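Read-outs throughout are calculated quantities, based only on the coordinates presented, and are distinct from any laboratory measurement. Since we're looking at a predicted model, the values are computed, not measured. Ideal geometry is used to build each Cβ from the backbone, glycine not excepted, and the neighbour counts take in all protein chains shown.
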Amino acid sequence: MPGQDVSTTCPYCGVGCGVIATPTGPDSALVRGDPAHPANFGRLCSKGSALGETLSLEGRLLAPRIAGREAGWDEALELVARRFAETIAEHGPDSVAFYVSGQLLTEDYYVANKLMKGWIGSANIDTNSRLCMASSVAGHRRAFGADTVPGTYEDLEEADLVVLVGSNLAWCHPVLMQRLLAAREARGTRIITVDPRRTNTAEAADLHLPLAPGSDVTLFNSLLREIAARGAQDDAYIAAHVSGAADAFAAAAAATPEETARVTGLTPAAIAAFHDMWIGTPRVVTVYSQGVNQASDGTDKVNAILNCHLATGRIGTPGAAPFSVTGQPNAMGGREVGGLANMLACHLDIENDAHRALMRGFWDSPRLPERPGLKAVDLFDACATGQIKALWVMCTNPAVSLPRADHVAEAIRSCDFVVVSDIVADTDTTRLADVLLPATGWGEKDGTVTNSERRISRQRAFLPAPGAARADWRIICDVAARMGFGAGFDYAGPAEIFREYAALSGLAARAGGDFDLSGLTGLDDWGYEALAPRHWPVPAAGPEGGRFFAEGGFFTPDRRGRMLPLTQRSSPNAVSADYPLLLNTGRVRDHWHTMTRTAKSARLSRHLAEPFVEIHPRDAAAAGLAHAALARIESPHGEMLARVRITDRTPPGLLFAPMHWTGEWSSRGRVDAVMAAETDPVSGQPELKRTAVRIAPL
Ligand code: SF4
């Protein structure tokens with residue numbers, strides 16, 4: 001392969017940029033943006049352009065390990081299969097669990113879900129996408145009847161107004177920000193950001209609304225109220241395509257200007273400017289991300305935004321859509337294959353009898369659970385209580401990334417049998433494993449991913465698998481075969497898995513679903529290898545891709561979109577005399593997740609090299625903190641240390657610390673050791689944007 005250009009996809013954020021990799025050795029490559037990929041047209045951000053610097057084999061897990069010693073694949077796979085089978089036989093299928101990742105490829109995700117739900121017979125498979133996108137999924141399903149993203153990236157370029165809610169797009173989805181700024185240059189697009197912090201994104205905006213944390217429902221209810229007051233709703237669209245409008249408008253009536261100013265802390269002038277710009281601009285896209293999703297009322301926040309678009313019919317037409325942007329490269333693919341504990345593959349519903357019958361018939365599987373499984377936070381709590389006795393973690397690092405991370409680490413440690421398949425030998429989670437299984441990483445593995453705009457792209461291998469590493473789908477199928485389930489898992493490769501999945505999607509679409517790849521069912525191996533980025537749906541007959549809902553056609557039983565009556569709820573994470581500040585978390589520009597890849601690039605670490613906490617000058621003075629000093633941040637759940645950055649970019653009362661840093665056991669930079677694990681009651685997504693804390697000099 002050396003010297004040959006390979007088109008593939010960046011493994012980081014949900015923008016899903018195409019890259020061209022040119023291998024220069026067994027663990028090195030030159031990487032550049034793919035000018036032909038419709039997500040980025042050749043652009044890359046700092047992380048994507050440094051991918052070639054992160055390919056070394058230093059720190060890689062290159063052979064299976066059992067209790068710390070190297071082992072052969074046969075021994076390790078036999079042990080995993082035997083311990084899972086024994087646990088299931090003794091304690092039932094719900095005594096085991098998989099915790100997977102939006103970094104898995106779609107084909108890996110599909111077989112993991114198939115093994116747990118179709119053959120083991122439990123729905124205890126959940127994913128780190130629960131921490132990222134679950135509230136958007138739940139909001140979409142409530143409003144649209146399916147987890148459908150209505151718009152495309154082109155809408156950001158065709159809009160006259162883009163509202164970014166809880167999204168630091170400039171750092172977290174940089175190429176989308178580049179596309180938006182280029183569109184602004186070309187057509188004068190105006191930008192509003194809604195974020196308590198003055199981020200780099202906010203500094204680029206025409207209007208920044210630094211609302212009080214957690215007051216988004218009130219802000220969007222005030223917009224809905226104003227839409228009604230001005231008669232700006234689309235009565236014809238509502239009459240033809242929407243239910244629940246009257247109740248939603250009635251609930252929004254409580255968001256008077258005075259109440260909105262009180263709850264959000266925004267000035268009446270800023271609120272009025274927001275209303276004027278949004279209502280006065282038919283081509284409006286409202287982008288939302290983790291600041292919306294990671295909340296104890298995240299699903300309501302999503303629906304408050306969707307209500308405004310449904311009320312005005314601003315959905316599914318060029319430049320008009322609500323738009324959820326995903327954090328991870330394959331959060332969407334995971335949702336599509338049923339990687340969440342409350343869904344089946346192809347957006348089928350686990351609690352729908354007909355959907356379960358369809359699924360089981362297609363798989364010809366021995367069993368299928370009838371109820372949702374444990375969602376991420378509950379899943380690890382169940383490890384702590386002994387309900388989950390055997391756990392398999394794939395491609396993620398929950399001992400760092402889950403809230404109450406110390407508790408999660410202890411929960412994993414207390415589990416009878418823990419398997420971790422990963423590319424990295426030493427992480428906070430691999431240290432807790434009984435069996436480590438070496439997986440192939442980016443550049444070595446082969447499959448597909450789906451980005452935030454429903455575009456499916458190939459990730460292609462351009463490097464050999466190092467050591468004994470194997471593809472995740474292969475590892476899962478090898479274990480399934482040893483558990484006696486070989487007939488359902490006898491795949492020659494990812495192309496065969498993809499064909500099966502595409503065929504299933506056709507049946508799901510015929511049953512009324514949104515997700516349809518039936519037009520790709522006939523792809524042969526060559527066609528799969530050559531697959532160009534495709535925007536789903538790809539039906540066997542009819543037009544491909546495009547937007548949803550301009551003419552209604554929702555996926556609810558009556559085919560109408562649903563507006564919901566919403567009221568502002570208060571967060572369970574409130575400040576107190578002991579914990580007087582709120583801690584907010586998020587990404588930095590140049591690192592990814594727990595830094596197992598990006599930390600290999602010295603260039604990327606130059607931007608921000610250590611854990612830090614942003615604090616307003618007033619709060620720093622009150623706590624006796626000097627700029628660049630070390631501080632201890634404590635909550636009832638744990639503590640962390642961080643370098644102090646005094647700045648008015650973060651408002652009084654609110655701290656901000658990044659999510660990336662890891663380290664030794666009970667290490668000091670792990671912000672999620674501090675974070676509470678309160679979850680949204682609908683989506684199960686934890687509130688990673690706020691926990692009550694105190695801060696003091698070290
Ligand atoms: Fe990769 Fe996201 Fe950067 Fe694109 S914007 S290069 S997908 S990290």
Filtered hits (lysines, Cα-Cα < 24 Å from Lys301, offset >= 8 within chain) -> Lys375, Lys689
Under the span-like rule (Cα at least 20 Å along the axis, Kyte-Doolittle mean at least -0.5), DSSP H helices of the chain | 73-91, 298-312, 494-510
Please work out the FRET efficiency for the pair Leu207 and Ala254, using the Cβ-Cβ distance as r and a Förster radius of 25 Å; give the result to the nearest 0.05.
-> 0.55
Given a Förster distance of 51 Å, the FRET efficiency implied by the Cβ-Cβ spacing of Asn352 and Leu698, rounded to the nearest 0.05, works out to 0.40
In nanometres, what is the gap between the two model label sites at Glu70 and Ala425, each 7 Å from Cα along Cα-to-Cβ?
-> 0.9 nm
Cα-projected label distance for Ala540 with Glu58, points at 7 Å along beta-carbon direction, nm = 5.3 nm
Where a ≥ b ≥ c are root eigenvalues of the Cα gyration tensor, a/c under 1.5 meaning rounded, otherwise prolate if a/b exceeds b/c and oblate otherwise, the range 425-530 counts as prolate
Order of Ser56, Ser683 under a 10 Å beta carbon neighbour criterion, fewest first = Ser56, Ser683
FRET efficiency for Glu185 and Ala269, using Cβ-Cβ distance with R0 set to 45 Å, rounded to 0.05 = 0.95
Rel. contact order, % - alpha carbon contacts under 8 angstrom, at least six apart, the range 1-113 | 14 percent
Which residues in the range 45-59 place their backbone N less than 16 Å from a point set 7 Å from the Cα of Arg589 along the Cα-to-Cβ direction?
-> 45-50
Roughly what would the spin-label model give for Arg618 and Asp5, points 7 Å off Cα along C-beta, in nm?
-> 5.6 nm
Could you tell me which of rounded, prolate or oblate describes the range 581-697, using a ≥ b ≥ c as the square roots of the eigenvalues of the alpha-carbon gyration tensor, with rounded for a/c under 1.5 and, failing that, prolate when a/b is larger than b/c and oblate otherwise?
-> oblate
Cα gyration tensor of the range 134-325, axes a ≥ b ≥ c as square roots of the eigenvalues: rounded (a/c below 1.5), prolate (a/b > b/c) or oblate?
-> rounded
In whole angstrom, note down how far apart the Cα centers of the range 558-576 and the range 1-54 are.
-> 40 Å
Fewest-first sequence of Ser136, Ser46, Ser296 by Cβ atoms within 10 Å of each Cβ | Ser46, Ser296, Ser136
Report, in whole Å, the centroid distance computed from the Cα atoms of the range 334-375 and the range 581-644.
-> 40 Å
How much net charge surrounds Asp680 when only other residues with a Cβ under 11 Å from its Cβ are counted (Lys, Arg +1; Asp, Glu -1)?
-> 0
Counting each DSSP H run of 4 or more residues in the chain as -39500 (n - 2.57), what helix-only mean residue ellipticity at 222 nm follows after dividing by all residues, to the nearest 500 deg cm²/dmol?
-> -9000 deg cm²/dmol
So who's got an amide H within less than 5 Å of the one on Phe656, skipping anything under 5 residues away but keeping other chains? H placed 1.01 Å off N, in plane.
-> Asn584, Glu614
Under Karplus coefficients 6.51, -1.76 and 1.60, residue-wise ³J(HN,Hα) of the range 630-639 in Hz, glycine/proline x = 8, 10, 9, 10, 10, 9, x, 9, x, 9
Expressed in angstrom and rounded, the centroid-to-centroid distance over alpha carbons for the range 465-509 and the range 122-166 is 27 Å
